[in-house]
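See below for the structure under consideration.
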Amino acid sequence: MKGYLSIRETSYKWGVSERRVNQYVTEGRIPGVERFGRSWAIPENAEKPGDPRRIRKKQTQSLPEEMCDRQKTRR
């Protein structure tokens, strides 16, 4: 189909496993996905969903300055 990629093609494009792309699809994290029989059609211009764990990790690593100053004085 023109304008769409299979799960396998998308996995090569994004550098992840086919299973991971399938999880993105079933979780609804890729907009514009179509189901045709047993196959999924993913739009060519779809972007790889971000990893929500990385966002949370960055937020917890950046402590307020007050907390950093307190930790320095304890040492």
**Prompt:** Of all residues in region 10-43, which are over 14 Å from the mean Cα position of the chain (by Cα) and either surrounded by fewer than 14 Cβ atoms within 10 Å (Cβ to Cβ) or without any contact (Cβ under 8 Å) to a residue 24 or more places away in the chain (or both)?
**Reply:** Tyr12, Gly32, Val33, Glu34, Arg35, Phe36, Gly37, Arg38, Ser39
**Message:** Condition first: touching a Ser or Thr at 6+ places or on another chain (Cβ under 8 Å) and among the hydroxyl-bearing types (Ser, Thr, Tyr). Now tell me which residues in region 7-33 satisfy that.
**Reply:** Ser11, Ser17
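Read the figures in this text as sums done on the coordinates, not as results from a lab. The shown structure was predicted, so the numbers you read here are calculated from the model rather than taken from an experiment. Note: ideal-geometry Cβ built from the backbone for every residue, glycine included; neighbour counts use all protein chains shown.
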